[in-house]
Amino acid sequence: MLAAAVVFLAAYAWPILDPDLPALWEGVCEAVLTVVWALFAADYAIRVWLAPGRWAFVKRNWFDLFVLLLPMLRSLRLVQVVMVLSLVNKRAGTTLRASVARYAAAAAFLVVFCAALAVLDAERGAPDALIQTFPQALWWAATTVTTVGYGDLYPVTASGRLVAGVLFTAGIALLGVVTATLASWFVDKFNENQENAAATRAQVAELADEVRLLREEIAARDRLTGGERQPDRGADSEG
């Protein structure tokens, strides 16, 4: 599925980045998109079939079904790529925080790149459109996903504004993921310091108990030794 997602993204991006692409290769890219979309649909159908609760699975993954049922909306096709990468990321055998951090970084790059492609595809050639080249689209996507929004570039078509709406949501979600990850890291470090301090106090108390026991043992030996020597001193005095 990861390989299919990469092929899907390449087939989508090539005609947009190269507007002079021959019609033959454009047809090849469209065919690849159709085949990969069918593969995504088959993957979703298999997961529904294998799910213990099929209706519950559909309700939990309703957006996947929504994207699959609207294959003609090119801007939404790229969401499927993000979903596939997310599924692959969930299967990685790493800690949750490392996984989330890597996913957030990869998702930020992927969302900006895909949004730039989608808005350029929607805006190029439209009357009064400000976004006509990929660098312009990339700049717009970067400023939008970070919620900076200079306003120098903005979409004017309905499809471009739909991409912008998706990008607004993605930017807020990514910011939330990064913030939550940092907060979790700080909380865990604080808890780790507290645990270390508690362990240190326990070790100090244990050492104090051992020292006290050693002192009591030494004192008992001194008393025993002193008691045994007293008769000897008395015998010496009588002699």
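The values are calculated or read from the model by the stated rules, or taken from the named source; none is laboratory data. What you see is a predicted model, and the numbers here were worked out from it, not measured in a lab. Every residue, glycine among them, receives a Cβ derived from its backbone with ideal geometry; neighbour counts consider all protein chains shown. Protein only, heavy atoms only, side chains kept; ligands, DNA and RNA dropped before computing areas. Shrake-Rupley method; radii C 1.70, N 1.55, O 1.52, S 1.80 Å.
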Shape box of the range 121-176 [Cα atoms, principal axes, largest first, Å]: 36, 19, 16
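Among 55-61, 159-165, how do they line up by average Cβ neighbours within 10 Å per residue, starting with the highest?
Ranking, from highest mean packing down: 159-165, 55-61.
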Portion, in percent, of the accessible area of the range 116-189 that falls on carbon or sulfur, probe 1.4 Å: 70
Accessible area in the full protein assembly, largest first, 1.4 Å probe, for E206, E123, E217: E206, E217, E123
Residue-span extension gain [V148 to V58] - 0.36 nm each, minus C-alpha spacing: 28.8 nm
Simple label model, 7 Å out from Cα along Cβ direction - N196 to D209, nm: 2.5
